[in-house]
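Single-structure report; data block below.
Quick note: the coordinates plus some simple rules give every number you see, no bench work behind them. All values reported here derive from a predicted model rather than from experimental measurement. Heads up, the Cβs are rebuilt from the backbone with ideal geometry, glycines too, and the neighbour counts pull from every protein chain shown.
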Amino acid sequence: MKRNYLAVLTACLILFSCIACVSPDNSSNNGGSSNDNTPIIGTQECEIWSAAATEKILASEKASSYDSIRKNSITLSSAKNEYESGQIVVTAKDDLSFTVELSDLVHTSSNYKITKDNFKVYTLTYTRVARNYYGNGAPTGWYPDGMLPQKNAVEYKKNVVKAGQNGGAWLSFFIPEDAMSGNYTGKATVTVGSKKVDMPITLKVYDVTVPTESSMKTLFGGHGGVYQMELDTSIEMQEKYTQFFLDYRVALTHVMTHGTAAESIVEDWYYWHKKGISTLGVYGDTMENVRAQIIGCARKSLEINENMVKKIAYFPSDIDEPFLWQNTTGIVSGKVESWRQTIESIIAELEADPTFDTKFGKELIESVGKIAFVVTDYTTDAYGNAHRYYDILRDENGNPWHYPDYVSICGKPDGFASKEEMAGYYNGAEMWWYNCNDPRNPYPTYQIDDSLVSQNAISWFMGEYDIIGNLYWNTTYHMEGSDGGATFLEDPYTNPDRQSGANGDGFLVYPGKMYGVDGPVATIRLDAIRDGNEDYELIKILKQKYAEQGLSANKIINLLTKSIYNCSVMIGGSPEFEAARERLLSLVELATTEVGVFVSDIEEHNQDGVSSYTLKATTLAGTELYSDGVKLTAQNGVYSVTKDLSEDKNYFELKAVHGNKEVEFNFYLGGKQLLYRTPDTFDTYNISGAVNGVARIGDYWMMNVTGESDKFNEIIIKHESVMQISKNTAKYIINLYNYGFTDVSYRIYVTYSKYGKVQALTGTLKPGSNKLLLDFFATANWDRNGEVQQLSIAVTGTDRLGIGSIIIYGV
Amino acid sequence: MKKKILSLILALFTSFTCALVACNSPEEKVEDTTTNAVEEVKPLYTFEEGLFNVRMAMWFGDIQLNKDPKYVFKGEKSIKLSPTNQLSTPYMYLPLQSNLLGFSYTEILKIKSYKLAVYAEENVTIGLGLYFDKRADYRGPEQKYTLGAGWNEITYYPQYAIMDMQYTVTDCKGLYIMFYEQEVMPVVYLDDVNIVLSETTLSPEKLMVLKRTDTYFEICDFENAYQHLMTITQTGLAKAPSVGIVDAKDYGITAPSGSRVLRVELFDKEGATNSYSWTKWGFVPALIEEINFGQFKGHLDEYVLKFETYRDFELTGAVYENLVEINAYYNGYGVQDWAGATIIEKGVWQTDAIPLNTFANFVDSQYSFWLSFIERGGSGSRVYYFDNFRIEKI
């Protein structure tokens, strides 16, 4: 089970390579590792090592479990005006305490330095996951979660590591907006007892700036009881929480601190608007109050000549999750209709007001009409109501009812698992989605036993698919029990289960007071959310810059993300994510600096089963483009470079030059491709099972399938290609031929040496040729499963099946 | 028996206010002269580990760890309590169990007294008492202490017999400290909280007496002063309701029976509009236990819960904002049944009757019983009167 977890969460460094997608790439800027024969830094008392800040290193796991991801240095890549994190792990041989001190980071080609006052050191706190609710096979044990400021950890002796366990320091680096781009070096000094050990830090700062104000909307809820746990119910403490989350690029659902009257809310909105908050959450459960807030906001916006209205979003909690209700008759439709009438009446009032008869006034009125009305539900179009636990939505007359196009239907990630499902949410209203104790693996969540890559990926997905808003029910829930009987947890830090059936669900910070912190203590999950939200801004910038050139960045963004997620299904781990992020920074730098390079596509070509790739790019005038050191020439303004997969590792490596400005970009295409053409002898397939005769017809061997035609009859394949399948295999494609005139149902089984036989795929074969794509090996649980011994194809309803060539990507 | 109850009540309302002489020498120990029994002092909260497990009510104000030696009674740390007079009575509480601090005192009736040190800058009155659920919503009557300037060493002797009329004493979860509303709220420092254990287990005397016939089961007729102990209050965002037994004629009304009734005054929710929150008063769990709703199981259709109500103000706002809801909590404090709602008439006594079969869950696992009111802003104070809660055979 533990090893299973490592396969999924740490996503082994040598994980799969795949076609036209970013994969872990040993030549990328990943720093040293134990794999390159450099020893982990050690003393008599402990081992000191590092790992990417997208990895969760459990206190209770053996350090050797992380051998594939352990490093002896910290390597960071960053835009400007953003935070990046690193981590140091101390594995204790005997009980010990440790601290970490960071140096300035010095530019390698100038005297410029990013001073250490931009950096913070936190000691990780650990929470005991007693049950893996998320369902990804991760082990139970002590997970890192809280980021306790180091000085508080020292005071409260929380920087202690027990013998045989891991203790972590989380390092937060803020890269100022005016930082020089380029490479930096510095060090982290780890003090254990009287001994000091240095760990090198390298940082690459791209010539890219993250905007200070987020464009992503967020409505993250909070539980008022946290102020009791902070032993401070003052307005100042409430403001500290709102500001804290704002610093993490998250807007709390309700920022109000001075009362729930509309006038107070608008004044609080104005206060936080000036501080750069992205979202102003409507408060109130009566439409009269909602109306007063929106009108007040419009008038305040007119007064200050800044559009606050476009930041408003309304999550009507009284119709939360209708799909869970037993009876929705008239309730949801009534609320939605009430919203429509309210907005129309507000618009009518403002249109009748001569002070709004200006260009800006009209803009405000238009913004009122676009305010997101966020209903947490799945689209009926996507699910055909199948996903509902109880009844379909009905209007007041009991007739089936569907959301009108002005409602932001806010689904959970499991509602975005395919393009077809996603389409149902694009109704013209602002796109939102949300997360809570559900979904589970393989969808991205904020749960503790899910990975930090997931917690980043939620924001990436939003950027890629134009989801504007992110809703999360609670960030500060530290109670146990329910309803009137809920009580405060004595130690919220060590208990991740708020009895919602998901570890970490309902909280993203811890109350700080019990450890002397004046305000909340962040979690590494919240830190990852900020990372993701910063990347969200970069994705938006990339899209904007491409759009300004009449281009679309969608294809190239998808090429970055397809190794992280497939629609909303998580498939990649840290290496894929770190590599994709590096490319994102490069692409944004290419598009936003004077070199002005726009990589519009990386196309796959298939010639007789052999793949090659063509990168296409355009540049601004005056920019020269080089590939593998060779200057390229544009044809009709488009540069084109083609590569095949003949090497063990295959890349596009570009350099753009404009005057003195040089920007490099490389894109990993994947490992070597193997093509097994249709063999001259059938025996080469090494087939057994339900076959009693064969004949070669064109590119296929036609097999007579034995057995009862209404049963699934199984054909076992032990071809050489099957023995090549490994965790590096991104795709395994087998060509089959359906000789009939109707669809044939099939099942694919994989037999593993340890785990045995599993059903891996089902589907139908269309009449004629079919390519069967098996792309799950890279994310399979190899430690649990063992090696692949055989593939089986079981078909029903046919007595003929053809088998042709086999292609494998990544061996 | 009645004399005994009255004397206890008298003690509760009069002599429980203790004036303490300022004790500026932390080393000086207060001798317990009330008994010669062997006793053992156990530290509860020294605050040397920090603020672990220190709890406070919503809107209490602020509690900080203090390291200024001037305000430390023993060791190196104490805590600074800065209550506010926002909305509701500020109180903080200290559980008798803590995993982080490593103690668990569950033999409540072995705790003879609580000793603690409180520093005040000037004279201030505080209350000490015990609470009986994890959130300290259910609290026993407090004992008042008037503190002098400087360090005050307090020994609090819980009146278990009184508390037994309200709660199951062995359910006690800890000690609470409350502050009384005043224009400028005091700041005090708390340190060195100990419990004094007795060798023997105390046994509180049973004092509650309820009138019963074959067809009539008293819940509370409010004719006796001690019945004030039968009521408790909670609040949402407004000040807690003021609840007291009064002579009806003092308020120009005639009691439906006897002379005394329960007067309930609800206060404005300041600055807040249009959001639901509730204030409420209820009957204590011990009274509910004494009534024993379980005795009606199997015959619920034959009984009805009745009480008289009277409203002394004009209604404003929507109808639903003036509803009085009846809620029965069962299965500990975790679950509630909504037993009904009523609009109380103005200027006349109205009898409300709720069939006992409405409480089907409650009779199996009774806990407490509440009347709840939506908190309102801008409506002024609202006064209701209640009398003669009872169960009658139909």
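Extension gain A:Val638-A:Ser215, at 0.36 nm per residue separation less the Cα-Cα distance, in nm?
Contour length minus Cα-Cα distance gives 149.1 nm.
As a quick test, which of the pairs A:Lys311/A:Lys335; A:Lys513/A:Lys540; A:Lys116/A:Lys562; B:Lys144/B:Lys306 have an alpha carbon distance above 32 angstrom in this structure?
A:Lys513/A:Lys540; A:Lys116/A:Lys562; B:Lys144/B:Lys306
How big is chain B by Rg and Dmax over its Cα atoms, in Å?
Cα only, chain B: 22.1, 68 Å (Rg, Dmax).
Using the alpha-carbon centroid of each, what span in Å lies between the stretch A:647-677 and the stretch B:158-184?
Spelled out, the Cα-based centre of one part sits 74 Å from the other.
Once you have the Cα-Cα distance between A:Gln544 and A:Ala621, take 0.36 nm times their residue separation minus that, and quote the gain in nm to one decimal. All intermediate terms of the calculation are to be shown ahead of the outcome.
Details: separation 77, 0.36 × 77 = 27.72 nm, distance 1.91 nm.
This chain segment gains 25.8 nm when fully extended.
By the scheme Lys and Arg +1, Asp and Glu -1, what is the net charge of all other residues having a beta-carbon under 11 Å from that of A:Ile40?
0
Using Cα pairs under 8 angstrom and six or more residues apart, how large is the relative contact order of the stretch B:38-159, in percent?
21
Where does the Debye-calculated log10 I(q)/I(0) of the protein assembly as shown sit at q = 0.04, 0.09 Å⁻¹, using only Cα point scatterers of equal weight, no solvent?
So the normalised log intensities are -0.28, -1.22.
For the stretch A:28-209, what does the alpha-carbon gyration tensor say about shape, rounded, prolate or oblate, given a ≥ b ≥ c as the root eigenvalues, a/c under 1.5 as rounded, and a/b over b/c as prolate?
Because a/c hits 1.5 or more and a/b exceeds b/c, the stretch A:28-209 counts as prolate.
Would you tally the net charge around A:Leu736, using a Cβ to Cβ cut-off of less than 12 Å, leaving A:Leu736 out, and scoring K and R as +1, D and E as -1?
Working: positive: A:Lys766, A:Lys771, A:Arg800; negative: A:Asp699.
Taking every Cβ under 12 Å from that of A:Leu736, the sum is +2.
Please state the shape class of the stretch A:636-680: rounded when a/c is under 1.5, otherwise prolate if a/b exceeds b/c and oblate if not, all from the C-alpha gyration tensor.
oblate
How many angstrom separate the Cα center of the stretch B:365-390 from the Cα center of the stretch A:313-352?
32
So, in nm, how far is label A:Asn305 from label B:Glu40 when the simple model puts each one 7 Å beyond its Cα toward the Cβ?
Those two pseudo-labels are separated by 7.7 nm.
Using Cα pairs closer than 8 Å and at least 6 residues apart in sequence, work out the relative contact order for chain B, in percent.
With pairs under 8 Å counted, the relative contact order is 17 percent.
Points 7 angstrom from Cα along the Cβ direction at B:Ile343 and B:Leu323: gap in nanometres?
Placing both labels 7 Å beyond Cα along the Cβ direction yields 1.2 nm.
For the stretch B:94-114 and the stretch A:45-64, what is the separation of their Cα centres, given in Å?
The stretch B:94-114 and the stretch A:45-64 have Cα centres spaced 39 Å from each other.
For B:Phe313, project a label point 7 Å along Cα to C-beta. Then give me every residue of the stretch B:224-256 with its amide nitrogen under 14 Å of that point.
What the label zone holds, given the 14 Å backbone N cut-off, is B:238-243.
Can you pick out the pairs among A:Lys370/A:Lys545; A:Lys412/A:Lys727; A:Lys71/A:Lys643; A:Lys157/B:Lys67 whose Cα atoms lie more than 23 Å from each other?
Going by Cα-Cα distance, A:Lys370/A:Lys545; A:Lys412/A:Lys727; A:Lys71/A:Lys643 fall outside the 23 Å limit.
For A:Lys151 and B:Gln182, FRET efficiency with R0 = 25 Å and r from the beta-carbon atoms, rounded to 0.05?
Values: r = 38 Å, r/R0 = 1.51.
Plugging the Cβ-Cβ distance into 1/(1 + (r/R0)^6) gives 0.10.
Using R₀ = 41 Å, calculate the FRET efficiency as 1/(1 + (r/R₀)^6) where r is the Cβ-Cβ separation of A:Asn554 and A:Lys757; round to 0.05.
0.55
Between A:Phe360 and A:Glu236, 0.36 nm times their residue separation minus their Cα-Cα distance comes to what?
Extending this stretch completely gives an extra 41.2 nm.
Where a ≥ b ≥ c are the square roots of the eigenvalues of the C-alpha gyration tensor, would you call the stretch A:552-670 rounded, which needs a/c under 1.5, or, failing that, prolate if a/b is larger than b/c, or oblate?
Oblate.
Starting from the 7 Å offset along Cα-to-Cβ, what nm value, one decimal, do you get for the label separation of A:Val106 and B:Lys80?
The modelled label-to-label distance comes out at 4.3 nm.
Packing-wise, with mean Cβ within 10 Å as the measure, how do A:595-601, A:364-370 rank, highest first?
The densest-packed peptide leads the list: A:595-601, A:364-370.
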